[in-house]
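Here is the structure we will look at, set down as structure tokens.
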Amino acid sequence: MMGLSVGNTGPAINVGFPGLALQDGPLGIRSSDHATAFPAGITVGATWNKELMYQRGKAHGLEARLKGVNVLLGPCVGPLGRMPAGGRNWEGFGADPYLQGVAAAETIKGIQSEGIMATIKHYIGNEQEHYRQAHEWALPNALSSNIGDRTLHELYLWPFADAVRAGVASVMCSYQMTNNSYSCGNSKLLNGILKDELGFQGFVQSDWLAQRSGVGTALAGLDMSMPGDGLFWQDGQSLWGPELTRSVLNGTVPLSRLNDMVTRIVAAWYQLGQDNETLFDRKGPNFSSWTNDEMGHIYNGSPDDTELVVVNHYIDVQGTGEEAHSIIARKVAAEGIILLKNEDNILPLSRDGWPSFAKAADQLGMKYRVGIFGEDAGEGKGPNFCVDRGCNQGTLGSGWGSGAVEFPYLISPLAALKKAFNPDKVYVTDFPTNAPPFGTEPAILKDQDMCLVFANADSGEGFLTVNSIRGDRNDLNLQKGTDQLITEVATRCGDGNGKTVVVIHSVGPVILENWFNITGVKAIILANLPGQESGNALVDVLFGDVNPSGKLPYTIGKSLDDYGEGAKILYYPNTPIPQQNFSEGLYIDYRFFDKYGIEPRYEFGYGLSYTTFEYSLMSTIPVKSKSLLPPARPETDLSPPKYSEEIPNPSTALLPSGFRKLKKFIYPYLDSSDIKKGNFQYPDGYGTVQSPSQAGGGEGGNPSLYDIHVNVSADVTNIGPVAGAEVVQLYVSYPRSPPIQPAILPQVEAWKFDTDMTDFPVQVLRGFEKVFLEKGETKKVKFSLTRRDLSYWDVMQQNWVMPTSGSYTIRVGSSSRDWRLKGEY
Ligand code: BGC
């Protein structure tokens, strides 16, 4: 709170660098005004539309720039979605590393095209909210996510590699421990994997208080401490600040490390063009995260700041006319809608009512009767009723926490539907409550021709508890009694003959089993978290102005148990430092269902359309032959900038004379130049020079990992009645037995062939393209598979290995189970 954003760095005035403003979050500009509330990440993932991913990022970046923000704290790919009830899964793009990686890269490119530094978060293993943070859960330490090396590389790290390759400026390390070292102090993760293997050139910032040690984190590769206070909130006691100065001056932290931190931050600033004063006026944010009033404090967290100045300038950054960001928000929300069920082609609806009925009704002069039920249809007490969207009331537009924003408006489904139906032909009755008076007024159900019933499931960040949900959901059920509401509506609508359309807004998978098979349930729509354009987007799809093309970015199981033991949140600590063992390895979401032959209700990648697509003519053309290992890491003649290694005179670090300190503000200055040599216990092996990873050598890893090995194409034809878009998905199955020959890979002899090594998932997503097809139109869809797409991480080799014997099976289809074409490589 020592600045107007959620994160602020001090300016380096003498050398001309402004302070930086860091602001959440993944779906808009948090705690601001007149800014767009975009659909959440999970909705973006459900679109499977790369262009929209980019456009949403770009609009988000532009809004950040116009609000005076330097660094956006998004996108989010951790959590990845190991646990379907994980509180923050909705901030990311779905439970698959490939989908997350593509969506993150597009988002980053969009954000950074506007000169804003993007932050990929939370690195890494931040899969649940319970015990994510020291002290937040009455335990002095956070939980440890214990992840094997192969699993780390093939699942959790994968999207971070894409982010680095896309040039992301910043990485936020996560709160919890990974393999029992805090992620922000884990040298293997930061120095080793992120900076060496993935070649990350930007800066690592800590999540807010995720830094748990001073010298340790500096040595481990942390570059920026956020928000600056150390072990506790807002006490002004930093683990760095003057302590970092002292540890450099006494030789504990090498000066080169401090220079490296600074270089990474300053270089990112130049890289993004923020030295351009026409685009970045250096005045800082024109809004305050701490008050909605016009007047406020710049250094709101300091009791010494008593001066009231204009802090909120209420600048509208939403764009106008054809440039209005609401257009992108609406497109994403509509394309993110997944049509799960559409019996008897009940959808799309007619604005005049049910088409076949409407004719007869017209003749009789009767109106078609539509009943709308459920609190989730309506406005409730307004979208901003609770801080950080920390309550579930009215229609659900986003989850809660730092990833949420103030809505400039929220078009409710009810408002949009009432406008959409033709009032001359359709009579709409609405009860935007989960307890309509069915008992006392049975006619409100009995008299309907069609019923639309709304339900939702919410979750968020662990610092807020909503309806006894502390971040992570307690189960996968619909919330606030809506299972019961749906059951009642579906059985009694039209006296049992009515048609019921169920609309769900949700943060992730929900169990549909309680009512799925009721005859009256004709259609199910999963609208995810649509943001401000909710109602408009829903109407677009319900009435067929937009043909649904969303696909599930996760699996909908029949119960939580179906996802496996690893999918369960650890709600109670199992040891003083809670341990989450990721023993299921690679087998999360569809990988788990596939491996154990479990029938989901709806599979990953599933979603219906109002038209039908036919697949034909698959071709698989090898471009490069297989080889076990990538070529050696390329040599580079670039070396990092060099600075003087001479430790400065401590007197240069003294508080400048005449300087007015603000209480709690974190300065680097010392009160005394008396520096004592430290006695820091460096960890064993600290002095050992590590050889660079063979998997590294470029941004995102060894550049040859991105060499194309095979090109695949397939024709897709729209053979149905209307135009529409199809998400063509490509899944790869590895050759059954890994062809590791000890003669070629001598180290492998030492390896015990456990399942982690020899087992491959039945299939993995390795490509998707969304194509729009007019009625009758055919398009060729093309994919390129890279070495990385065809390799697995070999723990002994510490490298990506591509099996060379046997063939890969490549399947192209409409979902992870609706395979249409098959090829080999
Ligand atoms: C969250 C981050 C967020 C930060 C700043 C933390 O609690 O985990 O995602 O960026 O706060 O608001």
Cysteines, the chain, no other Cys beta-carbon under 4.7 Å: Cys76
With DNA, RNA and ligands ignored, accessible area of Trp90 (1.4 Å probe; Å², nearest 10): 0 Å²
Cα→Cβ-extended label distance, 7 Å offset, between Ile708 and Leu231, nm: 5.6 nm
Accessible area of Thr107 in the full protein assembly, 1.4 Å probe (Å², nearest 10): 0 Å²
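Order Tyr682, Tyr792 by their accessible area, 1.4 angstrom probe, all chains in place, largest first.
Working: Tyr682 85, Tyr792 0 Å².
Greatest to least solvent exposure: Tyr682, Tyr792.
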Rough spin-label spacing in nm, given labels placed 7 Å along Cα→Cβ, for Lys446 and Ser672: 8.8 nm
Nearest-ten-degree value, helix 255-271 long axis tilted from longest Cα axis of the chain: 40 degrees
Using θ = phi - 60° and Karplus 6.51 cos²θ - 1.76 cosθ + 1.60, couplings along the stretch 228-237 (whole Hz; Gly, Pro as x): x, 5, x, 7, 10, 5, 6, 9, x, 9
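Mean separation of Cα pairs under 8 Å and 6+ residues apart, divided by the residue count of the chain: what relative contact order is that in percent? Show your work: numbers first, answer last.
Values: 2074 pairs, mean separation 128.7, N = 825.
With pairs under 8 Å counted, the relative contact order is 16 percent.
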Alpha-carbon centroids, the stretch 188-224 and the stretch 541-607: separation in whole Å: 30 Å
Partner lysines for Lys381 [C-alpha distance under 20 Å; skip if fewer than 8 residues away on the same chain]: Lys418, Lys480
For the stretch 213-319: rounded, prolate or oblate by the Cα gyration tensor [a/c cutoff 1.5]: oblate
Anchor Lys419: lysines whose Cα lies under 20 Å away (excluding residues fewer than 8 positions away in-chain): Lys331, Lys367
In range of the label at His313: residues from the stretch 29-46 whose backbone nitrogen is under 17 Å from the point 7 Å along Cα→Cβ: 32-35
Distance cut-off 52 Å, percentage of C-alpha pairs in the chain lying past it: 15 percent
Solvent-accessible ranking of Phe421, Phe772, Phe17, largest area first, probe 1.4 Å: Phe772, Phe17, Phe421
Per-residue SASA entry for Arg470, accessible area with 1.4 Å probe, Å² rounded to 10: 90 Å²
Surface per residue (accessible, 1.4 Å probe) for the chain, Å²: 38 Å²
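Sort Arg264, Arg736, Arg351, Arg601 from largest to smallest accessible area, using a 1.4 Å probe on the heavy atoms of the protein chains. Working shown, then result.
On the way: Arg264 35, Arg736 155, Arg351 90, Arg601 55 Å².
So, going from the largest accessible area down, we get Arg736, Arg351, Arg601, Arg264.
Give me the percent relative contact order of the stretch 228-277, please, defined on Cα pairs under 8 angstrom at least 6 residues apart. Numbers along the way, then the final one.
Numbers: 24 pairs, mean separation 8.3, N = 50.
Relative contact order here is 17 percent.
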Inter-label distance for Val15 and Val689, nm, one decimal - labels placed 7 Å from Cα along Cα-to-Cβ: 2.7 nm
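Tally up the carbon and sulfur contribution to the accessible surface of the chain as a whole percent, 1.4 Å probe, everything protein left in place. Don't skip to the answer; put the middle values down first.
Working: 16120 of 30980 Å².
Carbon-and-sulfur percentage of accessible area, whole number: 52.
The values are calculated or read from the model by the stated rules, or taken from the named source; none is laboratory data. Quick caveat, the model's predicted, so the values are computed rather than measured. Reconstructed Cβ throughout: ideal geometry from the backbone, glycine too, with neighbour counts over all protein chains shown. To get the accessible areas, we keep the full protein, side chains included, count just its heavy atoms, and leave off ligands, DNA and RNA. Shrake-Rupley method; radii C 1.70, N 1.55, O 1.52, S 1.80 Å.
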